[in-house]
1. From the phi of every residue in region 292-305, what ³J(HN,Hα) in whole Hz does the Karplus formula 6.51 cos²θ - 1.76 cosθ + 1.60 yield, where θ is phi - 60° and glycine or proline is x?
2. Excluding GLU349 itself, what net charge comes from residues whose Cβ is under 12 Å from its Cβ, given Lys and Arg +1 and Asp and Glu -1?
3. Going highest first, how would you order 210-221, 181-192 by mean Cβ packing within 10 Å?
4. Rounded, prolate or oblate: which one fits region 299-371, using the alpha carbon gyration tensor with axes a ≥ b ≥ c (rounded when a/c is under 1.5, else prolate when a/b beats b/c, else oblate)?
5. From the phi angles alone, apply the Karplus equation (6.51, -1.76, 1.60; θ = phi - 60°) to region 88-95 and give each ³J(HN,Hα) in whole Hz, x where the residue is Gly or Pro.
6. In Å and whole numbers, how far do the C-alpha atoms of region 133-182 stretch along each principal axis, longest first?
7. If you average the C-alpha positions of region 146-202 and of region 322-341 separately, how far apart do those two centres end up, in angstrom?
8. Enumerate the amide H contacts of LEU344 below 5 Å, restricted to partners 5 or more residues apart or on another chain; note that Pro and chain-start residues carry no placed amide H.
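The values are calculated or read from the model by the stated rules, or taken from the named source; none is laboratory data. Computed from a predicted model, the values in this text were never measured in an experiment. Glycine also receives a Cβ, built like all others from the backbone with ideal geometry; neighbour counts cover every protein chain displayed. To get the accessible areas, we keep the full protein, side chains included, count just its heavy atoms, and leave off ligands, DNA and RNA. Shrake-Rupley method; radii C 1.70, N 1.55, O 1.52, S 1.80 Å.
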Amino acid sequence: MSESSAEAVEAVASAAATAASAAAGGTWRRAGVAGAAIGVVAAGAAAGVAIERLTVGRGMRRKARLALDSTGPYGTLRGTPGKAYADDGTELYYEVDDIEPEAGLAPRRRRLFGRKSPAPVTVVFSHGYCLNQDSWHFQRAALRGVVRTVHWDQRSHGRSGRGQAVDGAPVTIDQLGRDLKAVIDAAVPEGPIVLVGHSMGGMTVMALAAHYPDLIRERVVAVALVGTSSGRLGEVNFGLPVAGVNVVRRVLPGVLRALGQQAALVERGRRATADLFAGIIKRYSFASRDVDPAVERFAERMIEGTPIDVVAEFYPAFTEHDKTEALAEFAELPVLVLAGVQDLVTPSEHSEAIADLLPDAELVLVPDAGHLVMLEHPEVVTDRLADLLTRAGAVPTGATVSGYGSASSTVRPG
């Protein structure tokens with residue numbers, strides 16, 4: 001680490017500790033400083049971004065955030081709401097966007113006994129860790145009226161119910177696969193399905209395949225895996241030097257566990273250190289320099305909205321995740337594997353490893369893109385997804401998607 005970077009880290013850590021101390025008493029002070037220290041280590045090169053934010057007045061930053069929250073169009077799309085129930089009773093919230101009759105786009109025709117027309121293809125979107133269904137905003141806007149879609153919030157995220165840990169055990173990716181099956185049963189009881197998953201959502205899709213291979217063979221017609229991994233996430237270095245990685249791996253699980261046990265106090269301190277964490281979120285979400293500030297704030301708001309005890313409960317699932325064998329269930333299907341080249345959370349090498357096991361899959365690596373590639377470069381993700389849907393027969397050949405816009409700060413979406 002350079003001298004200037006070290007000074008930035010020291011300054012940010014000092015500011016975070018001061019804010020945490022002011023937020024609450026001794027318990028949060030200890031946990032908050034530890035959490036902030038881990039955050040600073042995880043930030044790495046983002047320390048410069050964080051220290052830059054500290055040079056701007058706090059009041060100005062707060063006003064800017066409020067302005068972006070009120071004017072940004074992202075996350076405002078809503079569909080017909082529904083509820084499914086997981087095998088442990090957790091309520092899972094989903095929304096359906098149906099095909100608009102006036103769109104004039106008929107679903108693919110196929111001969112079925114006793115029916116004049118088949119059930120339409122439904123695209124089911126699964127979001128990632130610390131996000132919610134709105135993370136697919138651009139793709140949802142583009143596909144509205146063209147194809148039937150289902151967007152759902154994973155347990156303990158968004159509008160879904162808080163999953164209940166059994167005997168303090170963390171959630172598992174296998175449980176998320178069973179949750180997805182419950183959503184499909186409720187929202188897509190019949191007809192062909194296209195599965196789309198980002199990050200943890202892609203792992204959820206793999207877990208569904210592992211537990212319900214018959215469903216994949218009988219009803220799934222295509223799969224898109226975006227910025228995800230089939231395993232070996234414990235080896236990810238998050239763009240840090242070896243020493244930093246070792247520290248994070250050694251202490252982060254314990255710190256998250258401690259913070260999760262003091263959720264109310266942590267959330268108060270988390271708000272106090274919002275500027276520090278905004279820099280970290282930007283660093284690990286995007287790689288481009290010209291992302292629309294409203295998009296950055298939208299991602300920040302989703303991540304901030306995930307309670308710290310949920311963050312802690314889900315984290316261990318990723319080091320345990322290994323669904324490499326389940327990928328074989330997708331071998332006969334059209335598959336899109338897409339990732340940002342500069343993704344520090346699920347590096348693009350993990351997508352390449354998936355594509356190696358699915359030689360007929362389309363592999364798309366997006367330059368100048370980070371983990372939230374579907375928000376950072378929505379036009380690329382939407383175009384490749386539209387092509388996948390056409391190949392799978394989910395939309396007629398020649399159908400067009402429109403209105404997906406751009407996340408560039410110089411081109412605002414309509």
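1. Coupling constants for region 292-305: 3, x, 5, 5, 4, 5, 4, 5, 4, 5, 4, 5, 4, x Hz.
2. With Lys, Arg at +1 and Asp, Glu at -1, the net is -3.
3. Top of the packing list down: 181-192, 210-221.
4. Because a/c hits 1.5 or more and a/b fails to exceed b/c, region 299-371 counts as oblate.
5. 9, x, 5, 7, 10, 8, 9, 9
6. The principal-axis extents, from largest down, are 44, 18, 14 Å.
7. Spelled out, the Cα-based centre of one part sits 18 Å from the other.
8. Here HIS371 satisfy the definition.
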